[in-house]
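Taking it in order: structure first as structure tokens, then the write-up.
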Amino acid sequence: MTAEILDGRKTAAELRENVRHKVVAFREAYGVQPTLVAILVGEDPASSVYVRNKEKACAKAGIAGRVLRLPAVVQQSVLVEQIHQLNADAAVHGILVQLPLPTGVDPRPILDAVDPLKDVDCFSPANVGLLMQGRPRFLPCTPAGIIQLLRRYSVSVQGRQVVVVGRSDIVGKPMAMLLAAKDGPCGAEYANATVTLAHSQTADLPATVRQADIVIAACGQPEFIRGDWLKPGAVVIDVGINRSGERLVGDVAFEEASKVASAVTPVPGGVGPLTIAMLLHNTLQAARLHHWAQ
Ligand code: NDP
């Protein structure tokens, strides 16, 4: 079997174009340009690249993207005060704090300081709670991008066994929540899954993964999930982005998986571009919420 490649770049381009059209309509209707501020603390090279990519994507979608750069040694109180100022600024609709924060900075109080109505990453307890209750205000970017990709390729998850490997607050947990919901952003066919949330303490991970019709790999371990862990015909979504020498690799051994799976996402060009597309979608949503609250 040679797996179909699920093209995240193409799907993300379609999503971004869709957001761009909606931004134009929003500006025409209300005279407001959706605005996103990214807070970058320190000079981590990968984070700088991610923030630059977000800025470029904003510009192409007609969204104003600004970066607030702060030194790695910034005090927590100063950072929180900056966030409060952005919360109070009516011209700013979305705020994101680029992770990871420098060593020694506790991300929790920083992320908690972001106004839930501007929390375009969907990290605040209020927004996570709404997501859990099936009435999300914002959708978590990476999981929601994956749901969009599944719909794009008509991979229904309803009634199917899905194994999510990794239980982080950013990817694994919200992914499981969206998949197990009764309904979702793309309808019931792309929800209603029977979900297993696996992690580092899961006993016999290969056997657990082998039960899956759909595998979502988000464990941050390069090429960890092997071809012989997969059920023949499974659909494999690889969230991982890991550096292996000069190459970027996912959490799945791609060549092996391609021989067993029916469909697989590449790394790069799979899930990564979808995350940014959903961030644009959420920024527009934040601008709408702000306008409707006036
Ligand atoms: P975290 O490090 O926060 O979480 C990793 C999760 O994987 C944890 O739950 C951990 O288990 C689990 N895990 C680690 N090792 C194993 C193992 N040997 N067996 C089973 N489970 C294991 O990672 P993130 O969720 O933030 O990111 C995961 C990957 O996705 C990374 O490669 C990251 O770069 C990438 N990523 C990609 C994005 C994109 O847009 N494409 C966006 C965000 C992340 P435990 O809880 O027990 O420690």
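Quick note: the coordinates plus some simple rules give every number you see, no bench work behind them. Being a predicted model, the structure only gives us computed values, none of them experimental. Note: ideal-geometry Cβ built from the backbone for every residue, glycine included; neighbour counts use all protein chains shown.
Loop-resident GluC sites (Glu not before Pro) (DSSP state other than H, G, I, E or B) in segment 1-89 with no more than 11 further Cβ atoms inside 10 Å of their Cβ: GLU43.
Residues ARG69, ARG167, arranged from fewest to most other Cβ atoms within 10 angstrom of their Cβ, appear as ARG69, ARG167. Exposure proxy ranking for HIS290, HIS281, based on other Cβ atoms within 10 angstrom of each Cβ and starting from the fewest, stands as HIS290, HIS281. Just add up the charged neighbours of ALA3: K/R +1, D/E -1, any other residue whose Cβ is under 11 Å from the Cβ of ALA3. Around ALA3, the surrounding residues sum to -2.
Per residue, the convex hull spanned by the Cα atoms of segment 30-116 amounts to 83 cubic angstrom. The fewest-to-most ranking of PHE224, PHE123 by surrounding Cβ atoms within 10 Å reads PHE224, PHE123. The label-point distance for ALA46 and ALA203, in a model that sets each label 7 Å from Cα toward Cβ, rounds to 3.3 nm.
If I take R0 = 22 Å and measure r between the Cβ atoms of ASN18 and ASN53 in this structure, what FRET efficiency does the formula 1/(1 + (r/R0)^6) give, to the nearest 0.05? Result of the calculation: an efficiency of 0.70. Think of each Lys and Arg Cβ as +1 and each Asp and Glu Cβ as -1; about the Cα centre, that makes the dipole of segment 1-130 roughly 460 debye.
Select from GLN76, GLN148, GLN33 the residue whose mean-square fluctuation is largest in a Gaussian network model of the chain (Cα-Cα springs shorter than 10 Å). Of GLN76, GLN148, GLN33, the most mobile in the Gaussian network model is GLN76. Only Lys, Arg, Asp and Glu carry charge here, each on its Cβ (+1 for the first two, -1 for the last two); on that basis the chain has a dipole of about 620 debye about its Cα centre. Averaging the sequence gap over all C-alpha pairs within less than 8 Å and six or more residues apart, then dividing by the number of residues, gives the chain a relative contact order of 23 percent.
Working note: Debye formula, equal point scatterers on the alpha-carbon atoms of segment 83-174, no solvent; log10 I(q)/I(0) at q = 0.12, 0.17 Å⁻¹ is -0.46, -0.84.
Pairing the Cα long axis of helix 8-30 with the longest principal axis of the chain, what angle in degrees results, from 0 to 90 and rounded to the nearest 10? Taking the Cα atoms of the chain, the angle to 8-30 is about 30 degrees.
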